[in-house]
Amino acid sequence: MIWCILIALAISTVPPTLAYPTDDSPIQTVEIAPLFYQRFACTEHVNGELSDLGDALGSDCLVLGGMGASNGMIRLYKTNGASNDDWYGWHVEVHAPFDSVIIEIGINRITNTPGNAGQPPPGYIKFQRADGVVVVYAHLDDIRVHQGDHVGVGQVVALDGNNGTAKNPHVHVGAYSGKKPLQIRWDLAAEGRIQTLAHPRQQPHP
């Protein structure tokens, strides 16, 4: 059931006019550190769904809650999701993907109401690794870095928000090298070293 909800949420934020012909060349990947230090799940933009670098092959990631209770059930929000602060991901800390330089940021101070998309662009950060790989985070609030800053892997850089074309609190993650989009892979070893991820009973619950 939860995967049906996540897929529906991801699809609901994608304008259908952005689809483009499928590129059948091999898909390359990049491994990055955990986005959140809470349990999270991501829906992925499949090959051919979006074309812009940072969008293509990207993932929309949402914090999950409800697992810590004795009869816990995985949930996206505590009651009905009608307000942003009802979502488990709302204003959760967002962490840098790797040691990198901030090459671009964008601020969007307009917060959307769940279920209603706003106007682009979103609040975003672009990180560039020494080898040229770029990772983009979008729909961010309270961005805490500036263009030109050097950040370390796992550093808190912003809070999970709901702005731009988002319809609910989440973070879009995209990556590319040169003109080639990359598929995101999460560093599961790093996730295992984070107490809240390694021990689900420490996850948020009602």
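Being touching a helix residue (DSSP H, G or I) at 6+ places or on another chain (Cβ under 8 Å) and not polar (S, T, N, Q) is a property that residue 192 has.
Might you let me know whether segment 145-161 holds any residue that is touching a strand residue (DSSP E or B) at 6+ places or on another chain (Cβ under 7 Å), modelled with pLDDT under 95 and open to solvent by 40 Å² or more (accessible area, probe 1.4 Å)? Even if it seems obvious, please write down each step before you answer.
Restricting attention to segment 145-161, the residues satisfying the condition of being touching a strand residue (DSSP E or B) at 6+ places or on another chain (Cβ under 7 Å) are 145-151, 154-161.
Within this subset, residues satisfying the condition of being modelled with pLDDT under 95 are none.
Within segment 145-161 (the criterion being touching a strand residue (DSSP E or B) at 6+ places or on another chain (Cβ under 7 Å), modelled with pLDDT under 95 and open to solvent by 40 Å² or more (accessible area, probe 1.4 Å)), the answer is no, since none of the residues qualifies.
The values are calculated or read from the model by the stated rules, or taken from the named source; none is laboratory data. Note that the structure is predicted; figures quoted are calculated from it, not measured. A quick note on method: Cβ atoms are made from the backbone with ideal geometry, for glycine too, and the neighbour counts reach across all protein chains shown. For the accessible areas, the whole protein counts, side chains as well, though only heavy atoms, and no ligand, DNA or RNA atoms are used. Shrake-Rupley method; radii C 1.70, N 1.55, O 1.52, S 1.80 Å.
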